[in-house]
Structure formats: C-alpha cells, structure tokens
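Colleague: Sharing a structure with you now.
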Amino acid sequence: VVLGEQFTKHVPINSQILYIKDVQEGHPRAEVSDIAADYGRWVSERIRFVRAFGGVYILLFGMGDNGHFAFVEPHMDKWTGDWFMAGQIDDVCARQQYEGYRNHPSPKARYESVESVPRDIITATMAAMLDSDIAICDVPEASKANAVVAAIDGPLTDSLPASFYRMHTNLFLYLTEESAAKLTRPPVV
C-alpha cells in the first residue's frame, strides 16, 4: 500500500482507475497462505479484465538489503506458478523493515523493535513479476547498494532473487545515488 501511495504522488494517474488493496483486510493473521491464494485469484481476475480493455498490468515493488524482490526472500520458492505466495522474511529483512520505518512520519508504521517486525508475509512471485507488462522497482536506500550491484552485474541465482529482474523485458529500476554507489558502470539495458 505504501509503495502504491508513493507512486501515485509522482505519476499523474486517474485515481478512479487505480485500486490498491490491503490484503490483510478482513483476514486474521493466522490464515496468511489463504490470503495469498485469495489475493492471487483477485489480482489475476482484475488483470484479465484490464487487459481485455487494452490496459496494462504494472507491478510496483522494491529490492531488499538481502537481494529479495517484493518479499521473495532468498530461501523462498522462485519457481512457483502462483502469482502470490505466503512466506516468512529472514533476519536481514526484519532488520531492514525496522530501520526503514524507525523514523516514519506515521507512528502507526513504526515497529517497537526488530523482534516486533511481523515475519509472515504475502508477496508477488517471480511469475507475477515476469507476467507484468511493466515492472517498476524502487531502490532508494544506501543499505541496498551491495544487492543492486549483485543484481545487475552478478549471476542469475536463487540466492539473490533480485538478479531475476534481468529476465523482464520492460523493467524500470529506479536507483538513488546512494543505492547505485557501488556500480562501476551504468546498467546495460
């Protein structure tokens, strides 16, 4: 939800045609795999509808300090055909979430400690990313510079899910000077 809100602040898009869904809405936390399956069905139905009228499927996501994309962690299945899956974030990602939201303007977005960061997640999968018409990845933090250079210049590997970005034919990777600091050359498109 936060990434979608940030995106719409900078891109002129008719809010009547944009729908951002809170996937936890109406579901208890214990049913995270059911939420992922329901959300996958919901998204695929809407994408079919949008494409039938000439629209495009745009996937917005981020890269993690540990090289995850969306929340596809290094230990998770990259090859599922499902568009969304449930999983758990690792310790590196939990620390990143804590640090990233520690000074957030909204107190509701902050975590009290690293231990209080929820570990259960729902994420778009590589199948969802590769099927998107346009993939947009935002990487604003310096802490992600190692993951950025490995994703762009390193091998395609399950241990660095962000390396799979290179398989998408219409990916926009937005870096800051800080997150791009370890690149020795501009990315090849």
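Colleague: Can you give me the convex hull volume of the Cα atoms of the stretch 116-162, divided per residue and expressed in Å³?
Modeller: Values: hull volume 6.0 nm³, N = 47.
Residue-normalised Cα hull volume stands at 127 Å³.
Colleague: For 38, 77, 91, write out the residues from largest to smallest accessible area, computed with a 1.4 angstrom probe and no ligands counted. Can you show the working numbers first?
Modeller: Details: 38 60, 77 85, 91 110 Å².
From most accessible down to least: 91, 77, 38.
Colleague: Follow-up. Roughly what would the spin-label model give for residue 103 and residue 115, points 7 Å off Cα along C-beta, in nm?
Modeller: 2.6
Colleague: Kindly report the accessible area of the stretch 36-101 per residue (heavy atoms of protein chains, probe 1.4 Å, no ligands, DNA or RNA), in Å².
Modeller: Values: 3290 Å² over 66 residues.
Each residue of the stretch 36-101 exposes 50 Å² on average to a 1.4 Å probe.
Colleague: Using only the Cα atoms of the stretch 70-136, each taken as one equal point scatterer with no solvent, compute I(q) by the Debye sum, divide by I(0), and report log10 of the ratio at q = 0.19 Å⁻¹.
Modeller: -0.79
Colleague: Also: Run the Debye formula on the Cα coordinates of the stretch 59-105, all scatterers equal and no solvent, and tell me log10 I(q)/I(0) at q = 0.14, 0.27, 0.31 1/Å.
Modeller: -0.37, -1.09, -1.25
Colleague: Moving to a separate point now. At 7 Å along the Cα-to-beta-carbon direction for both residue 77 and residue 183, put a label point, then send me their distance in nm to one decimal.
Modeller: It is 3.4 nm.
Colleague: In debye, nearest 20, what is the charge dipole magnitude of the stretch 55-189 about its Cα centre with +1 on Lys and Arg Cβ and -1 on Asp and Glu Cβ, if you could check?
Modeller: On the way: 10 positive and 18 negative charges, 52 e Å.
It works out to roughly 260 debye.
Colleague: For the stretch 95-102, in order, what is each residue's ³J(HN,Hα) by Karplus, 6.51 cos²θ - 1.76 cosθ + 1.60 with θ = phi - 60°, in whole Hz (x at glycine and Pro)?
Modeller: In residue order, the calculated couplings are 5, 4, 5, 4, 5, x, 10, 4 Hz.
Colleague: With all protein chains present and a 1.4 Å probe, how do 89, 58 order by accessible area, largest first? Walk me through the intermediate numbers first.
Modeller: Numbers: 89 10, 58 70 Å².
Output order, biggest surface exposure first: 58, 89.
Colleague: Sticking with this one: Can you give me the accessible area per residue for the stretch 123-189, using a 1.4 Å probe, in Å²? Before the final figure, lay out each step's value.
Modeller: Numbers: 3360 Å² over 67 residues.
Roughly 50 Å² per residue, with all protein chains present.
Colleague: Just flag the GluC sites (Glu not before Pro) in the stretch 75-167 sitting in loop per DSSP whose Cβ has no more than 15 other Cβ atoms within 10 Å. Don't jump to the answer; show the numbers that get you there.
Modeller: On the way: sites: 99, 112, 115, 141; in loops: 112, 141.
Answer by residue number: 112.
Colleague: Sticking with this structure for a sec: Please report, as a whole percent, how much of the solvent-accessible surface of the stretch 56-174 comes from carbon and sulfur atoms (probe radius 1.4 Å). Walk me through the numbers on the way to the answer.
Modeller: On the way: 2940 of 5590 Å².
Looking at the stretch 56-174 in its full context, I get 53 percent from C and S.
The values are calculated or read from the model by the stated rules, or taken from the named source; none is laboratory data. A quick note: this is a predicted structure, and the numbers were derived from the prediction, not measured. Glycine gets a Cβ as well: all are built from the backbone with ideal geometry, and neighbour counts include every protein chain shown. Surface areas here come from the heavy atoms of the whole protein model, side chains and all, with no ligands, DNA or RNA. Shrake-Rupley method; radii C 1.70, N 1.55, O 1.52, S 1.80 Å.
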